[in-house]
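Enquirer: My questions all concern the structure below.
Throughout, read-outs are computed from the coordinates displayed, never taken from laboratory work. Everything numeric here is computed off the predicted structure, so don't read it as measured data. Here the Cβ is made from the backbone with ideal geometry for all residues, glycine too, and neighbour counts use every protein chain on show.
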Amino acid sequence: MHTGSADPREWLRTAGLRVTAPRLAVLDAVARTPHADADSVAAAARAALGSVSTQAVYDVLHACVRAGILRRIEPAGSPARYETRTGDNHHHLVCRGCDAVVDIDCAVGAAPCLDPVDDHGYVIDEAEVVFWGLCPNCRARDEDREVLARESNSP
């Protein structure tokens, strides 16, 4: 979860942002569904508020990422996703089958947790690692398909 308070109003105030209904709806949607994409966040915000424009949702997401309230990740081949877990050193595991994303705590330690061979003069403060694989549900689905295929091919 987000470090510090569990109150999105406090997150916004601490970041110097006004507390508005769209901002609260977006933060609530992301907190309830970590790693949600913008379309999912917009749908949840609309369900909570009745109506909110897609542009307003994007504006809130971008403002909250800039303020450090939300973290944006963008696994290859996937739309940007948002989470409230910020300010720590964690990575992500993405399922190749269903695109589910889960948090993985870094086993190495403090950020950036990895050091490049040559930093090219950069001051590095973060390393983003994405692990890829199959979640238990997709593995079970694939195993069921293999069993069915073997059964249908046997005499």
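Enquirer: How high is the relative contact order of the chain, given as a whole-number percent (alpha carbon pairs under 8 Å, six or more residues apart)? Please list the in-between numbers first.
Expert: On the way: 188 pairs, mean separation 28.7, N = 155.
Across the chain, relative contact order equals 19 percent.
Enquirer: Can you sort C98, C135 by how many other beta carbons sit within 10 Å, fewest first?
Expert: Least crowded to most crowded, the residues run C98, C135.
Enquirer: Still on this structure, please answer the following. Largest first and in whole Å, what are the equivalent-ellipsoid semi-axes of segment 1-87 based on the Cα gyration tensor, each being the root of 5 times an eigenvalue?
Expert: 18, 16, 11
Enquirer: Once phi is turned into ³J(HN,Hα) by the Karplus curve 6.51 cos²θ - 1.76 cosθ + 1.60 with θ = phi - 60°, what whole-Hz value does each residue of segment 78-87 show in order, with x for glycine and proline?
Expert: 10, x, 4, 10, 10, 8, 8, 7, 10, x
Enquirer: Oh, and also: Please list, in chain and number order, the residues 5+ apart from G97 or on another chain whose amide H is under 5 Å from its amide H, with Hs placed from the backbone.
Expert: Here C135 satisfy the definition.
Enquirer: Something else about it: Which semi-axes, in whole Å and largest first, does the equivalent ellipsoid of the chain have when worked out from the alpha carbon gyration tensor as the square roots of 5 times its eigenvalues?
Expert: 33, 25, 13
Enquirer: Roughly speaking, what is the stretch gain from R85 to D103, that is 0.36 nm per residue apart minus the C-alpha to C-alpha distance, in nm to one decimal? Show your work: numbers first, answer last.
Expert: Values: separation 18, 0.36 × 18 = 6.48 nm, distance 0.91 nm.
Stretched fully, the R85-D103 segment lengthens by 5.6 nm.
Enquirer: Give a residue-ordered list of calculated ³J(HN,Hα) values for segment 56-72 (Karplus: 6.51 cos²θ - 1.76 cosθ + 1.60, θ = phi - 60°; whole Hz; x for Gly, Pro).
Expert: The phi angles translate into 5, 5, 4, 4, 5, 4, 5, 5, 6, 5, 4, 7, x, 7, 10, 10, 9 Hz.
Enquirer: Could you list Y82, Y58 in order of exposure, starting from the residue whose Cβ has the fewest other Cβ atoms within 10 Å? Walk me through the numbers before you get to the answer.
Expert: Working: Y82 25, Y58 15.
By the 10 Å Cβ count, ascending: Y58, Y82.
Enquirer: If you don't mind, another one. Nearest 20 debye, what's the magnitude of the dipole of the chain about its Cα centre given +1 on Lys and Arg Cβ and -1 on Asp and Glu Cβ?
Expert: Details: 16 positive and 23 negative charges, 155 e Å.
For the chain, the charge dipole is close to 740 debye.
Enquirer: If packing is taken as the average number of other Cβ atoms within 10 Å across a peptide's residues, how do 116-126, 87-97 rank, most packed first?
Expert: So the order, starting with the most tightly packed, is 87-97, 116-126.
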